[in-house]
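Worksheet: the structure to be examined is printed underneath.
FYI, it's all coordinate maths here, none of it is from the lab. If you're wondering where the values come from, they're calculated on a predicted model, not measured in any experiment. Here the Cβ is made from the backbone with ideal geometry for all residues, glycine too, and neighbour counts use every protein chain on show.
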Amino acid sequence: MDVNCFYASAERAFNPALEGKPVIVLSNNDGCAVTRSPEAKRLGIAMGEPWFKLRPRAKEWGLVALSSNYELYGDISARVMELLGRYSAWLEVYSIDEAFLGVKGEPDQLLALGREMKAACRRNVGVPVCVGIAPTKTLAKLANKWAKNNPAFGGVCRWESVPAEQREALMAKLSVIEIWGVATRLTKRLNAMGIFSILDLTRANPVAIRDKFSIVMMRTVLELQGTPCIPMEEERIGRDQLIFSRSFSTPIITTAGLRQVMSVYAQMASARLAKHDLQAKVLTAFAATSHFNPNEKSFPSVCLALPMPTADPVLLTRAAHALLPQVHEGVKYVRAGIMVTDLRPSGNQKPLELFENPHEERGIGILLEDVAKRYGRGSIGLGHAGIKGGPDWSMKRDMLSPRYTTHWDELPLVKAA
Amino acid sequence: MGVIVGPRVIDAGLSLVTALLAPVAVAAGYPSPAQDYFDGRIDLNEHLVKDVTSTFIVRVVGQSMEQAGISDGDELVVNRALEPKNGSVVIAVLDGELTIKRLRITPTGVILQADNPRFPDIEVPALSDLIIWGVATRCLHHV
């Protein structure tokens with residue numbers, strides 16, 4: 001299951017005036033188009049096209065551009081997933097707008113179930129979805145894509161209900177890049193082996209593919225042939241990294257400014273790690289200048305092994321500050337972030353006392369979290385992270401729609417007239 | 001895709017004090033005789049929202065439903081999963097706007113009415129000619 005143009009559809013659910021109009025939703029800081037309604041696609045707007053390039057023609061096109069309303073999308077996504085959970089307990093939420101469901105049944109039952117799910121998402125939550133039904137996840141993704149692009153399916157495609165010749169014709173037409181899980185960088189090597197279309201890959205020898213590529217690619221081949229190899233994941237906890245990265249509304253040109261950014265992200269990472277009972281072993285901090293500014297290029301980055309697995313805000317902040325000596329004063333940085341990797345559950349390895357972290361022992365991280373929980377984010381922070389009056393680099397969302405479902409003072413309005 | 005901030009779902013209940021709710025026997029002294037009878041305070045969510053996934057809160061702008069007890073500025077609990085019936089107060093999409101009306105289903109057609117004679121009825125041949133966004137189940141009237 002996949003929600004059609006998710007962000008744009010979530011906006012339309014509460015603002016029906018957007019129906020039929022070209023709508024795009026912009027990335028953080030109103031940077032570039034990350035979701036395009038079909039009408040916007042027909043205007044030739046490309047994925048990732050920067051807003052400053054589109055803005056001059058927006059009026060003439062009747063184009064509606066919206067800032068990312070993450071509060072709304074998060075809630076609508078949760079509602080869709082809750083609803084899907086009613087159809088199968090075997091649900092894997094794959095991303096904010098995609099999920100895999102495990103269902104059993106006769107062909108007709110499965111098609112009927114798919115149509116019912118689609119109708120329920122539309123009626124109960126207000127968003128259009130497409131459903132692809134197949135014996136493997138890879139084929140289900142393909143069927144879903146087909147359902148989305150061919151109106152004849154009415155949004156629900158059961159792979160095996162389509163005559164084999166038609167399936168093969170489709171697979172012969174589509175490049176291997178279109179397959180879920182095949183990295184773009186591998187296509188050249190596949191092409192060198194004479195594998196261009198999905199059909200070519202389906203007919204490849206899985207063992208030869210394993211020897212030339214990896215077990216992952218072999219699984220893809222087997223899945224295309226109809227043998228399930230990629231298991232359903234209940235919850236994607238075993239995630240091995242957390243990233244905190246944003247673009248800034250105004251570029252940062254001072255080391256002091258970046259020091260503040262690093263402090264804020266380190267504390268966000270600490271809070272997230274603590275919430276999931278995780279500790280990180282490695283921290284990467286980075287900053288970058290604009291891709292649209294060829295005259296000024298600076299991409300400082302550091303990767304540090306932390307002295308011990310930790311979620312301690314003090315240690316993470318200190319580590320993130322290791323980036324600062326690489327920062328050039330006066331250069332316009334438009335993006336920065338930190339990433340923590342090599343995550344492990346906290347407390348399963350007691351460090352030698354000598355290496356025990358003095359802050360963790362005193363529970364500083366937990367204290368900060370408690371205060372933040374009771375008095376709100378931004379009520380307490382360490383050192384440079386600052387407290388009041390959001391720093392001027394915080395996210396720009398000038399074209400933000402109301403947060404209809406999460407904020408009492410932003411509820412949808414209904415006209416009584 | 002950027003960092004997704006987890007949504008804060010509107011909670012009409014009294015979650016702030018939930019932690020303090022249950023009376024607990026004190027180590028020394030007579031245990032509260034009420035303790036065995038305490039099952040938690042009234043939770044408005046439980047009574048006003050039957051289907052959390054499909055329920056949305058909207059705010060009314062305008063006077064056309066005054067006689068139904070729905071005033072300008074009131075909040076409505078709207079369930080999108082409900083089948084609209086004759087007499088339901090519905091949120092319909094009219095000219096791209098969410099509009100509150102009373103639904104009348106007659107043998108000859110479907111009518112969207114305001115509960116105020118000053119506003120004209122809207123008539124269509126069948127229910128399928130309308131986009132019904134949801135059915136209002138409760139009005140949170142400001143007294």
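Using alpha carbons only, how many degrees (0 to 90, rounded to 10) separate the axis of helix A:51-61 from the longest principal axis of chain A? The answer is roughly 50 degrees.
Against the empirical curve 2.2 N^0.38 Å, the C-alpha radius of gyration of chain A lands at a ratio of 1.11. Residues B:133, A:159, ranked from the fewest to the most other C-beta atoms within 10 Å, line up as A:159, B:133.
Axis of helix A:215-224 versus longest Cα principal axis of chain A: the two differ by about 30°, to the nearest ten degrees. Restricting the trypsin sites (Lys or Arg not before Pro) of region B:52-95 to loop positions (DSSP other than H, G, I, E, B) with no more than 11 neighbouring Cβ atoms within 10 Å leaves B:85. Reducing region A:25-100 and region B:117-138 to their Cα centroids gives an inter-centroid distance of 30 Å. In sequence order, region A:109-124 has phi-based couplings of 4, 5, 4, 5, 5, x, 5, 5, 4, 4, 5, 5, 4, 5, 6, 6 Hz under the Karplus curve 6.51 cos²θ - 1.76 cosθ + 1.60, θ = phi - 60°, and Gly or Pro positions carry x. For region B:52-140, the relative contact order works out to 31 percent when only alpha carbon pairs closer than 8 Å and six or more residues apart are counted. Cβ crowding within 10 Å, taken as a proxy for footprinting-reagent exposure, orders A:401, A:161, A:95 from fewest neighbours to most as A:95, A:161, A:401. Per the Kirkwood formula applied to alpha carbons, region B:52-140 shows a radius of gyration over Rh ratio, Rg over Rh, of 0.94. Cβ crowding within 10 Å ranks A:281, A:188, A:118 as A:188, A:281, A:118, fewest other Cβ atoms first. Among the listed pairs A:41/A:118; A:148/A:297; A:41/A:275; A:53/A:148, a Cα-Cα separation exceeding 30 Å is found for A:148/A:297; A:41/A:275.
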